[in-house]
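Derivation of every value follows stated rules applied to the coordinates shown; laboratory data play no part. Computed from a predicted structure; not experimentally measured. Here the Cβ positions follow ideal geometry from the backbone for every residue, glycine too, while neighbour counts run over all protein chains shown.
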Amino acid sequence: MARKLVIIGNGMAPGRLLEALLEQDREAFAITVFNAEPRVNYDRIQLSPVLAGDKCFDDIVIHDDAWYAAHGITLHKGLAVTAIDRAAHEVIAADGSRAAYDELVIATGSRPLLPPLPGRELAGVVTFRDQDDVDTMLAAAARGGRAVVIGGGLLGLEAAAGLAARGMQVTVLHLAASLMERQLDAAAGYLLAEALRGRGIEVVTEAETRALLGDMRVTGVELRDGRRYPADLVVVAIGIRPNVELADAAGLAVARGILVDDGLATSDPAIHALGECVEHRGQCYGLVAPLYEMARVLATRLLGGTASYAGSTLSTRLKVSGIEVYSAGDFADGEGREEIVLRDAARHTYKRLTVADDRIVGVVLFGDTRDGPWFFQQLREGTDIGAWRDTLIFGQHHQGDAAPDPSAAVAALPDSAEICGCNGVCKGRIVGAIREQRLTTVEQVRAHTKASSSCGSCTGLVEQLLKCELGDGFRVDAAPPMCGCTALGHDDVRRLILARALKSIPEVMQALEWRTSCGCAKCRPALNYYLLAAWPGEYRDDYQSRYINERAHANIQKDGTFSVVPRMWGGMTTPAELRAIADVAERFGIPAVKVTGGQRIDLLGVRKQDLPAVWAELNAAGMVSGHAYGKALRTVKTCVGKEWCRFGTQDSTALGIRLEKYLWGAWTPHKVKLAVSGCPRNCAEATCKDFGVVCVDSGYELHFAGAADMHVKATELLGNVASEDEVLEYCAATLQLYREQGHYLERMYTWAARVGVATIRALIVDEPDKRAALVARFELAQRHAQHDPWAQRAHGRESREFQPLARVVRARATA
Amino acid sequence: MNGPAGDWLAVGRVADIPRRGARRVETPWLTIALFRTADDRVFALEDRCPHRGGPLSDGIVHGTLVTCPLHGQVVGLESGRVQPPDPGCVRSLPVRIEDGRVSVGLP
Ligand SMILES: Cc1cc2nc3c(=O)[nH]c(=O)nc-3n(C[C@H](O)[C@H](O)[C@H](O)COP(=O)(O)OP(=O)(O)OC[C@H]3O[C@@H](n4cnc5c(N)ncnc54)[C@H](O)[C@@H]3O)c2cc1C
Ligand code: SF4
Ligand code: FES
């Protein structure tokens, strides 16, 4: 006589288990299945396409009533098992009926997590687990309106895309900083968010839900920071929890899931479990691949065989039509791990392999996922990829192909993109000239279009355009790359940021095909500056990409303390300021006070946590940050000029103060120092500064590009002007030109040597329109830059930069 | 000086450490730098660069590395090893995260 097999649950796992059992032995068991859901066996993962309208329920049925009848299986639909009587070897169902078993299989799956949020019981709040949930969502979608999806993981995003396809206005609220953070790295998460936004779905990250709003029906969602999002439907998809209660009540060993061994036996050898309800070797799964493997093993075991389950390596694919996302293994970076990254800006793709010991350990693909299964196979088989490492990322069918074309980023530019900023020449004109005039060199392009004839920062792009047009007939002498993350030089990166309106670091990295996922300590600060300079007021400064001095707004010293230098406009101070400085130094036990070469006072040895309080006191006495720590405008050194000195020709001190008040706060590629001397005796040493003014009887001599750092370099003459206003104008124009063209960490004199002193002089002195435009751009940037960073921080901004996370005082651990 | 070896010290919430950044924890035995990577992993190192004692918690965090603010040596967050060609190693401490709260195992 056949032995009695009872199965609790009829989800995807039992579906597979039954197939595997029947394949091997149709007669071994008399089978009874209880399912709380009032349905036959269906493909739960296809609920997403059902929601989106790509499929209907009938399409996703796996085994219908006829199938159960044909195989002699008793299926109780809509009947839950409420208890297991292990002593009697019986299960008890909700209607009081009992069923005896020789073998029992628990496959109760899992249920959506619903956190204890206020308002979670309101009508219009749903989870996404079964056909009933889909029906509820479809009914809501038919009425239109707004949907909020809480949770930007796989399920939440499939729900969001489905509801958007059904015509709802959808917002996704996600707790982490990037979407699907368990499956995707930050770079792919960023691309995914952009792709969803492109479909009209609003994506909000770092969004912590505090409450669901409404009386009877839900009307909105409120975040912890107070932001509110109106909603007619709220889908909560923040995770799942295994259904273990039944097993727990029966006295089986349970942790997060029902504990099973490699044979899928629970702590009672007559009872097995599989699917999402189990915990195996500390792991609970939420995907079908592992439970298919479990089903095969369990079928063999139930029939007396010896298969065993050793855990699964997972791969995931997002099922949103038109958005390809694939992930497998462990993609986190770490020591001993390397990443191989390939981005294609034109095709919006991103591929990243994480490699350890010449083996793939993680895969993240966005945009083109065709090679996902192949990479996954190499990962699971532990293939040694050392020999084909260089071409691996191109995938299975491209082994042996050439490396991708570095001019792709330029080829992708529209004809209207401006290539030469100085002369306003766009790509279309250059390409047109190359074709019509049969140009073959950068010199010829310069002669015919004026592109690259001024500052030269677009030379790299012009070369790339020639290469696109002429192919191998043109050889590019590429500028040295910015860092190991890219083949592009600084100039190209800066021009492309403007030409393609790139507005964030992740956007730059994708559009310019960075070879790393998140950049390095070299390119991140540079990109942060370039974006800040390109989009004043619009770009959000990324503090974590800044060097500590600019993050803490003070200079780090060799012992980890900081130095503080308040601004002294033009080197002038007052008794009140000096008194305040003296008080601060005493109150905070600041060990050293020094007069600097830049005519101001340096407080050395300030503890980091004291900085905001020190600044508050200096602010109270009217002093602001001197930016002595920044790649920024530092000091304007002056002499006493004609107010006091018998040789003085102009009021050099007042001019210095005017200059400093006009220029302070500006971020620059490297530090910038100024000086104003009242006569050619030059007591302020103006001729070794980045910008120097020497007053003469007839007006002002303007100098630039000097330095006294590792190199001592005298300035170059820029020109002569007659009024103070013109001094400010010429100085701002020069500074702005340097801000726009300088490579990050390039001093003004290195920039001038690279671009050419004569070129700069001609542009500033001989072209009043361009000069005026530079000044206008400088002043626009200043509107957003002239906020005292000390005052902001003294009032609590970025406070965690200065406070330790914890301070343990007593010699006792609190664990 | 050694702390009460083997004890776990509750130090605060993951959310209070900036992503791609660090916070300090001051104890009577040593100062600890707690790092949080872009993908929300947390690592603990003694906050003293082996080169000349720089505060690693003030460095730039990239991937699972930190660049020391004083002279730019690069230290691995997991092992505490200074990356070649520079020699040296910082003490690394075990980290436990429960419900978003961080504890550090004392050496
Ligand atoms: C919308 C959606 C999309 C998904 N997409 C994917 C995907 O793309 N790829 C992927 O790999 N995975 C996906 N999954 C996950 C996948 O569906 C699950 O891993 C799988 O369904 C789990 O199978 P299971 O048999 O363990 O549990 P389930 O399929 O949940 O089945 C459990 C069944 O047991 C019943 N039950 C529970 N308690 C009792 C009881 N006491 N008595 C009787 N019956 C009971 C339940 O009603 C339920 O029908 C998706 C899930 C959802 C909801
Ligand atoms: S530079 Fe000329 S004006 Fe200024 S202090 Fe020296 S001598 Fe006097
Ligand atoms: S102290 Fe860290 S690099 Fe020198």
Count charges around residue A:613 for me, please; just the other residues with Cβ under 13 Å from its Cβ, Lys/Arg as +1, Asp/Glu as -1.
+1
Convert 20 °C to kelvin, take the viscosity as 1.002 mPa s, use the Kirkwood radius over C-alpha pairs of the stretch A:268-330 as Rh, and evaluate the Stokes-Einstein diffusion coefficient in µm²/s, rounded to a whole number.
160
Among A:191, A:229, A:278 the positive-end extreme of the charge dipole of the stretch A:178-283 (Cβ point charges):
A:229
Can you put A:238, A:62, A:548 in order of Cβ neighbours within 10 angstrom, beginning with the fewest?
A:62, A:238, A:548
Shielding by partners - mean other protein chain Cβ count within 10 Å, residues of B:60-68
6
Of B:79, B:92, B:57, which is the most mobile in a GNM of chain B whose springs link Cα atoms less than 10 angstrom apart?
B:79
Among residues other than residue A:589 whose Cβ falls under 11 Å from its Cβ, what is the net charge (Lys/Arg +1, Asp/Glu -1)?
0
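When the dipole is taken about the Cα centre of chain A, and only Lys, Arg (+1) and Asp, Glu (-1) are charged at their Cβ, what size is it in debye, to the nearest 20? Walk me through the numbers before you get to the answer.
Working: 92 positive and 101 negative charges, 489 e Å.
Rounded to the nearest 20 debye, it is 2340 debye.
Helix-only mean residue ellipticity at 222 nm, chain A, DSSP H runs n ≥ 4 weighted -39,500 (n - 2.57), per residue, nearest 500. What is it?
-9500 deg cm²/dmol
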For the stretch A:675-815, evaluate the Debye formula with one uniform point scatterer on each Cα (no solvent term) and list log10 I(q)/I(0) at q = 0.16, 0.19, 0.20 Å⁻¹, rounded to two decimals.
-0.89, -1.13, -1.20
What lysines sit close enough to residue A:642 to cross-link, taking a C-alpha to C-alpha distance under 25 Å and skipping anything fewer than 8 places away on the same chain?
A:661, A:673, A:689
Whole-Hz Karplus couplings 3J(HN,Hα) for the stretch A:680-695, θ = phi - 60° and coefficients 6.51, -1.76, 1.60, Gly and Pro as x, run x, 5, 6, 5, 8, 6, 5, 8, 10, 10, 4, 9, x, 10, 10, 6
Distance in nm between pseudo-label sites at residue A:57 and residue A:347 (7 Å out along the Cβ direction from Cα):
4.1
With unit charges on the beta carbon (Lys/Arg positive, Asp/Glu negative), name the residue among A:362, A:773, A:606 whose Cα is farthest towards the positive pole of the charge dipole of chain A.
A:606
Rounded to two decimal places and with Rh computed the Kirkwood way over Cα pairs, what is Rg over Rh for the stretch B:21-105?
0.94
The stretch B:29-50 and the stretch A:742-784: distance between their alpha carbon centers, rounded to Å:
42
Scaled to the compact-protein estimate 2.2 N^0.38 Å, what is the alpha-carbon radius of gyration of chain A, rounded to two decimal places?
1.23
Within a 10 angstrom radius of the beta carbon, how do A:448, A:174, B:71 rank from fewest other beta carbons to most?
B:71, A:448, A:174
So for R0 = 56 Å, FRET eff. of residue A:583-residue A:215 from the Cβ-Cβ r, to 0.05, ends up at 0.45
Taking other Cβ within 10 Å of each residue's Cβ, how do B:98, A:208, A:276, A:729 sort, fewest first?
B:98, A:208, A:729, A:276
Antiparallel content of DSSP bridges confined to chain A, in %, to 5
65
What does the charge add up to near residue A:772, with Lys and Arg as +1, Asp and Glu as -1, over the other residues with Cβ less than 14 Å from its Cβ?
-4
Taking the Cβ-Cβ separation of residue A:773 and residue A:697 as r and a Förster radius of 41 Å, what is the calculated FRET efficiency to the nearest 0.05?
0.80
What's the FRET efficiency of residue A:709 with residue A:142 using the Cβ-Cβ distance as r and R₀ = 45 Å, to the nearest 0.05?
0.05
Given the options A:56, A:75, B:25, identify the residue whose Cα lies farthest towards the positive end of the charge dipole of the protein assembly as shown (+1 on Cβ of Lys, Arg; -1 on Cβ of Asp, Glu).
B:25
Two-site label geometry, residue A:45 and residue A:313: point separation in nm, points 7 Å out along Cα→Cβ:
1.8
Percent antiparallel among DSSP beta bridges with both residues in the stretch A:607-711, to the nearest 5?
45
Please sort A:495-501, A:218-224, A:570-576 by packing, taking for each peptide the average over its residues of neighbouring beta carbons within 10 angstrom, highest first.
A:495-501, A:218-224, A:570-576
Set of aspartates and glutamates near residue A:450 by C-alpha distance (under 18 Å), chain-local residues within fewer than 8 positions excluded
A:415, A:418, A:436, A:463, A:491, A:492, A:766, A:767, A:769
Between helix A:12-24 and chain A: long-axis angle, C-alpha atoms, 0 to 90°, nearest 10
50
Quote to one decimal, in nm, the extra length available between residue A:558 and residue A:595 on full extension: 0.36 nm per residue of separation minus the C-alpha distance between them.
11.4 nm
How many nm separate the modelled label positions at residue A:26 and residue A:206, each set 7 Å beyond the Cα in the direction of the Cβ?
6.2
For B:74-81, mean number of other protein chain Cβ atoms within 10 Å:
2
